[in-house]
Amino acid sequence: MPFSKNQMDPDPPEDSPSNSTNSEGANAPQSPFPDEVLEKVLSFIDSHKDRSSVSLVRKDWYNAERWTRAKLFIGNCYAVSPEIVARRFPRIKSVILKGKPRFSDFNMLPRDWGANVHSWLVVFAKVYPFLEELRLKRMFVTDESLELLAKSFPGFKALSLLSCDGFSGNGLKAIVSHCRNLTELDIQDCVTEDFAGDWLSSFPENFASLEILNFASLNSEVSFDDLERLVSQCKSLRVLKVNESITLDLLQRLLMHASQLTELGTGSFSQELTPRQYEEIERAFSNCKNLQVLSGLWEASSLYLPLIYGACAGLTFLNLSDVALQSGEFAKLLAYCPNLRRLWVTDTVEDKGLEAVGSTCPLLEELRVFPADPYDRDQRDGVTEVGFLAVSRGCRKLHYVLYFCRRMTNAAVVTIVRNCPNFTHFRLCIMNPREPDYLTNGPMDEGFGAVAKTCTKLKRLSISGLLTDLTFEYIGKYAKNLETLSVAFAGSSDRGMQYVLEGCPKLRKLEIRDCPFGNAALLSGRGKYEMMRSLWMSSCAVTIKGCRLLAKEKPGLNVEVISEEENDESQADKVYVYRSVAGPRRDAPPFVITF
Amino acid sequence: MSVPQEHDYIGLSEENKASDKILSSEIETKNVLNLKETELRLGLPGSESPERKSGNGVSLFWKDEGNNGFSQSPLKNFVSGAKRDFSDAIKGSGKWALSINGGSEGDLEKNDGLFSPRGYKGNNTLPEKEIPPVKPVEEKKIESGNNTPANKAQVVGWPPIRSFRKNTLATNSPKNSDVTAKSGSRCLYVKVSMDGAPYLRKIDLKTYRSYMELSSALEKMFSCFTIGQYGEGFAGKERLSESHIMDLLHGSEYVLTYEDKDGDWMLVGDVPWEMFTDSCKRLRIMKGSDAIGLAPRTMQKCKSQK
């Protein structure tokens with residue numbers, strides 16, 4: 001759906017739904033439906049993309065849509081302003097808001113770059129008193145904001161913070177003590193410093209409505225008594241993910257109260273257990289007959305893994321990315337998980353472990369292999385093309401892969417996508433930058449070319465290894481459904497980037513680092529960036545001048561630069577380009593140049 | 001300072017004469033590339049490798065005074081003494097050369113030339129001057145931005161792993177082999193590195209029952225070194241007093257340190273043996289003068305341990 005200014009028309013007609021037909025003027029055709037019917041029909045449409053399409057049909061549809069939209073999805077918090085949103089959509093109950101560019105996950109942005117949720121909450125507090133859900137990704141969230149949230153929305157139910165930072169236990173305390181109807185508190189991958197654990201004890205005495213509780217990534221000790229009381233009172237609890245401070249014996253007690261769980265994140269899995277304790281824990285796991293998702297398992301060794309065997313029959317998602325399993329114990333565990341669709345592991349399982357995946361998981365759709373020790377370059381262990389091949393042979397339904405390895409070959413990749421042509425997400429990270437095909441010593445162009453050519457449904461691609469412009473030529477030529485492309489240490493010239501900009505019609509997000517693409521490449525996309533969510537380029541050959549030019553030509557784009565120096569000829573270290581109807585942001589910190 | 005002749009034992013000096021071609025576009029064989037880029041890092045794990053100066057080939061010794069200024073003589077001994085031992089291994093695949101240098105890839109990224117502005121096929125589409133070097137200032141951001149142990153020099157944000165995830169497994173327990181019995185016996189393989197050594201060793205801590213046994217085993221393994229002095233300090237004692245440690249530090253060339261569960265580098269010998277094996281993730285034989293700063297801190301840590 002091409003982006004159009006109408007999407008966020010700041011001044012929609014003031015009409016209420018029932019008057020919309022009059023605003024069309026004498027020559028406009030009458031709507032075949034009364035507005036009530038139109039609104040009723042539209043209320044069944046959930047997807048924000050569909051709703052955007054609906055709003056473009058005609059003015060009365062635009063109005064009916066805006067009055068009936070209850071869920072707001074904002075993929076880039078700076079693409080629009082809270083005021084514009086509030087004016088267009090009067091009845092919002094649920095908001096998804098995303099902030100920083102993805103590379104901020106890897107410490108490529110200073111902490112105070114922006115994406116502070118506060119200004120949004122101030123507006124929401126005024127305009128959406130019935131707000132129930134807030135899901136934030138890569139936003140900066142202070143305790144003050146959480147307190148405002150807690151006090152402004154009496155019916156608030158669900159808070160989800162993914163990859164956020166800026167808050168402490170005090171903010172959570174405010175949420176749990178004020179939100180009487182809270183059903184979901186989901187904190188994932190958040191960067192938090194010294195975090196007091198007493199927030200959990202701030203749940204009111206008889207609190208019983210929680211359905212989802214995830215505090216796995218918060219590194220604080222919580223009061224176990226309060227946690228146990230909470231779990232035993234919340235009979236509808238279906239998702240519980242605790243942090244490492246909860247040991248096995250304590251987990252057992254929690255499971256006694258919550259055998260109905262569908263998703264469990266265990267705490268620390270390494271403890272000296274008596275045989276009796278062992279049996280009790282084993283039984284507690286076996287009682288969890290509804291488990292579909294399992295994660296955590298910190299420090300689990302082969303000694304204690306068998307404890308979970310009884311809970312694995314119905315597992316569809318097994319997340320072992322927090323534990324360093326060896327191939328033997330991993331294979332044994334897999335034998336108990338016949339229904340796996342999604343599997344996350346660390347590369348300590350090695351190729352041998354992945355061979356076990358290939359032979360025991362025929363239903364597998366998603367595989368993510370994380371490096372146990374990404375910076376240890378002495379290490380020659382981990383997984384290679386052998387493991388990936390083995391999985392592709394046995395798991396023909398595989399369509400999502402994230403694979404960190406230290407060596408790869410074109411031949412292997414070609415075979416892999418021949419075995420699994422249905423990839424929608426292919427993210428291959430050969431960890432040494434510019435690593436060639438280790439058999440031919442040549443670039444990995446043909447491998448990734450095969451991915452682009454064979455996987456016609458490909459939506460997301462991350463490339464790595466030694467790559468020339470040819471890779472990009474392939475991508476531009478074949479990857480017609482590509483929406484997200486991540487590039488690092490690749491390409492030979494501006495042509496590389498140009499191939500992609502010219503060739504991929506559905507491209508929405510392009511993130512590039514350490515590539516020899518300069519101003520010519522950047523400017524060649526001038527007609528494209530408004531159809532995309534964003535472009536990121538860091539440590540490339542773009543200069544301040546190029547960014548300034550782009551910004552001047554395209555007022556509908558925000559061009560932001562972080563750079564050591566500010567003169568025209570100096571390198572633009574980090575460039576972030578995104579479409580916006582809100583104009584250049586006013587909260588940019590001093591080190592961000594906004595044109 | 002001219003490059004000492006010791007380089008030849010690795011068999012690399014011939015290739016390295018063409019050191020100006022380090023950043024060349026032709027990647028003839030992976031072997032050659034790797035050998036060219038290899039430099040032994042002899043500093044503390046936390047030190048940043050200096051920018052590679054053009055004209056350097058393989059050098060065993062840092063020319064850059066920024067490094068901890070150890071003398072060359074013990075290393076010379078090591079080099080010549082060990083010549084016979086591992087020269088065979090060296091003659092094998094060039095890939096070995098990569099493993100010498102924990103930081104070689106890190107160095108590669110920081111250098112402008114590795115941008116490969118000249119295409120792989122030799123198309124020189126971008127003059128090198130347009131590409132400024134990736135600035136070392138990015139390294140500093142590593143410290144402020146994330147929690148990885150400072151002892152890994154690396155490219156910022158690469159590999160693309162989220163910060164919180166980096167921590168969980170970097171300090172994870174060392175590899176355990178598969179266990180069948182429930183008796184709790186495990187193998188505790190830990191890596192042992194030594195300043196100046198071109199490769200690491202792995203030992204099973206469970207096969208030793210005391211610091212003395214460990215010390216003498218390491219002494220045999222890295223036989224050129226004078227760990228003996230340190231090992232003698234353990235005779236009849238499980239623990240050492242702080243002053244005793246300081247005596248040893250001032251006396252010996254090398255000191256045995258270990259990385260514990262929290263990622264901190266500690267002096268070996270402070271805690272009871274069992275506590276040590278429980279928390280030790282890897283060992284490092286450090287140059288004595290570098291380890292002085294460790295002693296007071298380890299005493300504090302010992303007090304705070306459960």
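The table for this structure:
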{"item": "Global size of chain A as Cα Rg and Dmax, reported in angstrom", "result": "25.7, 84"}
{"item": "Cβ-derived FRET efficiency at R0 41 Å, A:LYS397 paired with A:GLU36, nearest 0.05", "result": "0.40"}
{"item": "Virtual spin-label span in nm between A:ASP249 and A:LEU162, 7 Å along Cα→Cβ", "result": "3.8"}
{"item": "Entries in A:LYS528/A:LYS552; A:LYS173/A:LYS241; A:LYS332/B:LYS191; A:LYS100/A:LYS506; A:LYS480/A:LYS509; A:LYS93/A:LYS554 that, when Cα-Cα distance is taken, lie over 24 Å", "result": "A:LYS332/B:LYS191; A:LYS93/A:LYS554"}
{"item": "Amide H partners (placed H, <5 Å) of A:LYS241, local residues excluded", "result": "A:LEU213, A:ASN214, A:PHE215, A:GLY265"}
{"item": "Ranked packing of A:268-278, A:89-99, most packed first, by mean Cβ within 10 Å", "result": "A:89-99, A:268-278"}
{"item": "Sparse-neighbourhood loop sites, trypsin sites (Lys or Arg not before Pro) in region A:539-595 - DSSP loop, at most 13 other Cβ within 10 angstrom", "result": "A:ARG586"}
{"item": "Over region A:477-576: Rg over Rh, Cα atoms, Kirkwood Rh", "result": "0.94"}
{"item": "Neighbour-count ranking [beta-carbon atoms within 10 angstrom, fewest first] of A:ARG460, B:ARG209", "result": "B:ARG209, A:ARG460"}
{"item": "Average partner coverage of A:320-331, which counts Cβ from other chains inside 10 Å", "result": "3"}
{"item": "Separation of the A:PHE130 and A:ASP50 label points, Cα + 7 Å toward Cβ, nm", "result": "2.1"}
{"item": "Taking A:GLU502, A:GLU355, A:GLU569 and counting other C-beta atoms within 10 Å, the order from fewest to most", "result": "A:GLU569, A:GLU502, A:GLU355"}
{"item": "Segment A:ARG111-A:SER359, extension gain: residue separation times 0.36 nm, minus the distance between their alpha carbons", "result": "84.8 nm"}
{"item": "Test item: A:216-224 mean partner chain Cβ contacts at 10 Å", "result": "1"}
{"item": "Under-5 Å amide H pairs with A:GLY166, H placed in peptide plane, nonlocal only", "result": "A:VAL141"}
{"item": "3J(HN,Hα) from dihedral phi, region A:48-65, Karplus parametrisation 6.51/-1.76/1.60, rounded to Hz, x for glycine, proline", "result": "5, 5, 5, 5, 4, 4, 4, 5, 8, 5, 7, 4, 6, 5, 4, 5, 4, 5"}
{"item": "Distance in nm between pseudo-label sites at B:GLU213 and A:ALA196 (7 Å out along the Cβ direction from Cα)", "result": "4.8"}
{"item": "Set of region A:570-595 residues, backbone N closer than 19 Å to the point 7 Å along the Cα-Cβ line of A:LYS545", "result": "A:570-575, A:595"}
{"item": "Check: chain A dipole with +1 on Lys, Arg Cβ and -1 on Asp, Glu Cβ, in debye", "result": "2140"}
{"item": "Mean ellipticity per residue at 222 nm, deg cm²/dmol - from DSSP H runs of n ≥ 4 across chain A, formula -39500 (n - 2.57)", "result": "-8500 deg cm²/dmol"}
{"item": "Rg and Dmax [Cα atoms of region A:518-595; Å; Rg one decimal, Dmax integer]", "result": "11.2, 30"}
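Bear in mind that the values in this text are calculations on the coordinates, not laboratory data. None of the values given here were measured: they were computed from a predicted structure. For neighbour counting, all protein chains shown are included, and Cβ atoms are generated from backbone atoms with ideal geometry for every residue, glycine included.
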